[in-house]
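The values are calculated or read from the model by the stated rules, or taken from the named source; none is laboratory data. Remember, it's a predicted structure, so these values are computed and weren't measured experimentally. Reconstructed Cβ throughout: ideal geometry from the backbone, glycine too, with neighbour counts over all protein chains shown. Side chains included, ligands, DNA and RNA excluded: accessible areas come from the protein's heavy atoms. Shrake-Rupley method; radii C 1.70, N 1.55, O 1.52, S 1.80 Å.
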Amino acid sequence: DGSSEIKIRSASFSSWFKCDDVTHNGPQVIYEQGGDTSGLGLWVSASNVYFRTYVAGADASAEDCLVSSSIDSGEWYHVVGTINRPTNSTPTASLYLNGVKKQTSHTMTDNTILAHSGKTGIGAVVNEANLSIHQGTTHNHSGDGLGAFTGSIDEVRVYAGKVLSDVDIQGLYLSPAGTAPGSTIIEGNRIQTGKIVSNNLGASAGSILNLD
């Protein structure tokens, strides 16, 4: 949560997740940032994992990007969403599942920078988020704790200003090796509740990770 607007031209978002019930039609948030008019989301709904970026404007559908892939309940997956908004070419977003590119969207028609000042949520909505599975459609989920994830989330990584390559993503999927992700798990009593606050909070930006 920062006091200044975040402007994103390129970024990547990576996470391991295991969903208890993927058939639930409502959204189950893995990661979201921004608000209902501008931001991005990575979530599960109706047996699919979705990655979406959206920018408010006169023609919202032209600034909207949505990619997805089918998944099953009770299975660990590694998912990566990438945003690439180069200065002089068409912006794109891609979705990778278990190290393999599943889908790329070229829906966005210009290089408008994704900009927002909303909060970030892991495992549920914080404040508000647009979690529609239809491009150009606003489906505002407003309220802390909505879209709660049913299952486990591990190794959430945010790469600001970096589009991960195919080799980068395959490396994240293959290491650590094994049938389950690494050892950093926020689950049950393994990490106590409370707030982790960045040193620059209250300056030009800053972040709070609220484990409560």
Under 12 Å, Cβ to Cβ, from residue 28 - net charge with Lys/Arg +1 and Asp/Glu -1:
-2
Could you order 63, 155, 75 so the one with the most accessible surface comes first? Probe is 1.4 Å.
75, 155, 63
List, in order, the whole-Hz ³J(HN,Hα) value for each residue of segment 30-39 obtained from phi through the Karplus relation with A = 6.51, B = -1.76, C = 1.60 and θ = phi - 60°; use x for Gly and Pro.
8, 8, 8, 8, x, x, 7, 9, 8, x
Provide the net charge surrounding residue 124, with neighbours chosen by a C-beta distance below 9 Å and charges set as Lys +1, Arg +1, Asp -1, Glu -1.
-2
For residue 122 the rounded accessible area (nearest 10 Å², probe 1.4 Å, non-protein molecules ignored) is 90
Under 14 Å, Cβ to Cβ, from residue 147 - net charge with Lys/Arg +1 and Asp/Glu -1:
-3
